[in-house]
Amino acid sequence: MEEPSHLHGSRTPLPLCCTLTGHCWGKDVLGRMHFSSVPVFGLGNWIPSVLYSWTCDGVNCGLSQVVFTSKEWGTPIVAKRLDAKYDWLMGRWTPVSHPLVDGADGCSVAPAVAGAVAWVSEGNCSFFAKVKNMASSKALGVLVYAGLGDPIQLMDCAGAECYTQLSIPASMVHLELAVADALRGQKPVNVSFQRTPSPNFFFGIDQDGKLAEMGWFLYPTFKFLVWQTQWFDYAQQLHGQLQKPSQTINVFNHTLMQGDRGAVATVGLPEGNSRANANVGPESFATI
């Protein structure tokens, strides 16, 4: 299939991603990725058909949006949001409407936000500090808005922060001047959250030239694209290995793999079988 002229291979530098066996992906992965700034409907016939067939409407998929309503304006303001990274904030937004209250920069406790969603500015302290302070203020959630003209960015924790459990949701949005003006004038503003279905954003073509549906982004990062290309490589190697005679050796069977210690198993290789013919790694033990 010929690549449309407005699809471009990435020129963005990408750090190498390596497996435990020492195999690394870098420039070779970027050479297999193509991006387009053209809307889906402008990409021709077959590409929109694929993306609309694999619609994006599940968890962590589709268009994440925030809806502001107030008597100060007639039509609801719908804006995109970027939810905080899922593995350090366990709270999730619901479609219920909540009051929105100004929480300044969120770098100190603000009792006024109790029972409401806190509207806090970017900067002056970490995202973690903002969410922690608003949680201590009994806020229902946090909306961090970017500076005027600045992009929204992924809200993440760092180091030891990630071990502190915070139960409220948080997202980053662009600055909405109408919302800021209304809150500054102490006018009531409500906010709700929705996820609008959309065409999928990605699809793949595997090593056999077959169209392949790609996994959803849990958060926007190149790592998810790299993992997808690694999966294509792994699947091809796995299918090749399955065509060869082999002997399977159980490593873990009904073994609990939780906690700091993980799970360790010692595996003995059968006599008369080389490691090359056994589906085990080069060592005689495995740790998860």
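Derivation of every value follows stated rules applied to the coordinates shown; laboratory data play no part. Note that the structure is predicted; figures quoted are calculated from it, not measured. For neighbour counting, all protein chains shown are included, and Cβ atoms are generated from backbone atoms with ideal geometry for every residue, glycine included.
Below, the figures for the structure above:
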quantity: Cα gyration tensor shape of region 162-215, rounded if a/c is under 1.5, else prolate or oblate by comparing a/b with b/c; calculated: prolate
quantity: Listed peptides 96-103, 240-247 by packing density, highest first (mean Cβ within 10 Å); calculated: 96-103, 240-247
quantity: Cα shape, region 57-206, gyration tensor, a/c 1.5 rule; calculated: oblate
quantity: Total formal charge among the other residues, if their Cβ is under 10 angstrom from that of residue 116, Lys/Arg +1 and Asp/Glu -1; calculated: 0
quantity: Overall form of region 126-193 per C-alpha gyration tensor (a/c, 1.5; a/b vs b/c); calculated: oblate
quantity: Extension gain, residue 28 back to residue 124 (0.36 nm per residue minus Cα-Cα distance, nm); calculated: 30.6 nm
quantity: Links that overshoot a 27 Å alpha carbon limit, given the list 80/210; 85/210; 80/138; 71/132; 223/244; 138/223; calculated: 80/210; 85/210; 71/132; 223/244; 138/223
